[in-house]
Structure formats: structure tokens, C-alpha cells
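Q: A single structure is presented below for examination.
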Amino acid sequence: MFFAVRPSVDLTIAISTLGSGINRIQLPKPVVGIRYLVLHQRPRQAPIALNRADVRVIALDTLGLSHSRNAALQHAETDLLVFSDDDTILFPNGIQALAHNLTMKPDLALAVGWRAERLPPRAQRADLTHFNCGRVCAPEFMVRRSLILNAGVLFDTDFGLGARFGVGEEYVFVTDALHKGLRGIILPVVTGSHPEKSTGDKWDSTTILADRRAVLYRVFGAWAPVVSALYALKHCRKFTSIKAIIHFLLPIK
């Protein structure tokens, strides 16, 4: 499901990658108005197939997805920015649809679409809130850098792959933006696909469950025990055992 778009909207797709993962990147054919910024952490070699006029590669000596996302916020040359990874398939039409809707609403800081495999049959336009942004991940959301940076919002480097807590960096980032009074929308458009299982989709790892709990405490603070209980109730069938649920609900010391 797509909105009409204006191909002339300028935007950047920032792709995070680590080491030899850069050779997994498969870009769509060049599209007017779309440029790519590849954030290459711990580079071991030059990319094999990214020699294109619409691609810029920046080598980073940092480690962790949130550090990479923050570098994208710093180095992108357009105001509209999408975050992506080296194992995603990008749908330029859907990404342009997000850009078009943001240009029509200059007061909005974020626009969120869907990955192809997760688009609900009755997906609708909605305001972005603390309670409907938990599923947001790359390459589903676009930000308006000027509003984000003016509000002082950055990715929390304690969260995301390569960090202390290996999940939740997008959720923390989006809720931080909402806490700052920034606004966003969810649109029924498909911006890409992630054929492989994401880290956040795994429920058989005690480490990931503990990281999820840390995310809820980071976002909801004193209300985290209540939200954690509601979260466990909603997802109770995904937990591997009653013991896992009880462990998830234990307060963080």
C-alpha cells in the first residue's frame, strides 16, 4: 500500500555495517533524490560493489549500532534520513512515500512505515505514541534531522547490537524524541524487508529477555514494573516457560 510520491524529494538512506558485512549490501537501482550513506565500522577491506555516484562510505572506529546511527545523524547531507542495515532489502517507493508525507508536514520529526513481512492487513495512518512504536526498526522509520538534532536526541549507546543491552535502540530513540515533544506518524507503506529473523524476534534467549526488560525500564522508569507485566501478558505465548516469565518480571536491582 503506497501513497503518491514526488521523486524529487531528497533523502539519505544510512546503512550500518560491520567488517566484511559491507559486502552483503544490495542496493536498489539509482533513484533521483535518494543517496546512500554507508557507515562501515571496523572496516577490514574496501567494499566490492559500492562504487556508485549515489553512495558515500564512511569508515568508523566505533563499535555498536547506536554509535553508527549517531554517525549517520552527524554526516548525512540531507534533512530526511532513513536508517537501514546491511541485511535489509530496500523499497525506494515506500521510502519516498515517507519523505513526501514529511515534506507535507514540516512540524513532524518522524515518519514510520512497515517491513513487508509485518504489514497488517488493515494498517492505517496513526499518530506515533509510546505504545505503538515498540516494533519500530530499520528500515521502517525516517527522521527529520533538523528537528531531531535541535531537540538534542541521539541514540543511547547502551542499547543495540554491540552495546551493553543488545536490543531496543530504535524504541529508546523514538520514545526519547516523543518525550522531547517531537511528533511522528505511522503510515501504511512498505519501506523494505528483512528476510532473516531479527534479534528482537528471539524469545529463547535469557540475555535478550533481560535486555528487553532493561529497555522497558529505560523508557518507562517508575512505571516499568506495570508495563512489564502488561508486556508479559500480551506476549505470554512467546515465552518458553513460566519460569522465563517470572524472571522477566523480577525488578532490576
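Q: Can you tell me which residue among 88, 129 is hydroxyl-bearing (Ser, Thr, Tyr) and under 19 Å from residue 14 (Cα atoms)? Spell out the reasoning first.
A: Details: 129 fails: under 19 Å from residue 14 (Cα atoms).
Unique residue meeting the criteria: 88.
Listed here are the residues, each with its yes/no results for (1) in a helix (DSSP H, G or I); (2) assigned by TED's automatic domain parsing to the domain that holds residue 118; (3) touching a Pro at 6+ places or on another chain (Cβ under 9 Å).
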{"site": "191", "(1), (2), (3)": "no, yes, yes"}
{"site": "211", "(1), (2), (3)": "yes, no, no"}
{"site": "217", "(1), (2), (3)": "yes, no, yes"}
{"site": "227", "(1), (2), (3)": "yes, no, no"}
{"site": "230", "(1), (2), (3)": "yes, no, no"}
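Q: For region 9-115, please list each of the strands (runs of 3 or more DSSP E) lying entirely inside it that holds at least 1 residues being in contact (Cβ under 8 Å) with a residue 60 or more places away in the chain, more than 19 Å from residue 157 (Cα to Cα) and in contact with a helix residue (DSSP H, G or I) (Cβ under 8 Å, 6 or more places away or on another chain). Steps first, please.
A: Working: elements: 11-18, 34-41, 55-60, 80-85, 110-115.
Here the list reads 11-18, 34-41, 80-85, 110-115.
Q: Here is a further query. Please go through region 36-85 and give me each residue that is under 15 Å from residue 26 (Cα atoms) and in contact with an Asp or Glu (Cβ under 7 Å, 6 or more places away or on another chain), ordered by number.
A: Result: 36, single match.
Q: Another one. Any residue that is of a type outside the set (A, V, I, L, M, F, W, C), farther than 17 Å from residue 135 by Cβ and modelled with pLDDT of 90 or more - is there at least one of those in region 188-207?
A: no
Q: Separate question: Go through 159, 131, 141 for me and flag whichever is of a type outside the set (D, E, K, R), farther than 19 Å from residue 189 by Cα, in the same structural domain as residue 36 (by TED's automatic domain parsing) and in contact with a strand residue (DSSP E or B) (Cβ under 8 Å, 6 or more places away or on another chain).
A: Values: 131 fails: in contact with a strand residue (DSSP E or B) (Cβ under 8 Å, 6 or more places away or on another chain); 141 fails: farther than 19 Å from residue 189 by Cα.
Among 159, 131, 141, only 159 is of a type outside the set (D, E, K, R), farther than 19 Å from residue 189 by Cα, in the same structural domain as residue 36 (by TED's automatic domain parsing) and in contact with a strand residue (DSSP E or B) (Cβ under 8 Å, 6 or more places away or on another chain).
Q: Further question on the same structure: If you take the residues of region 208-244 that are modelled with pLDDT of 85 or more and among the β-branched types (Val, Ile, Thr), which of them is farthest from residue 171 (Cα to Cα)?
A: 242
The values are calculated or read from the model by the stated rules, or taken from the named source; none is laboratory data. Keep in mind it's a predicted model, so treat the numbers as computed, not measured. Reconstructed Cβ throughout: ideal geometry from the backbone, glycine too, with neighbour counts over all protein chains shown.
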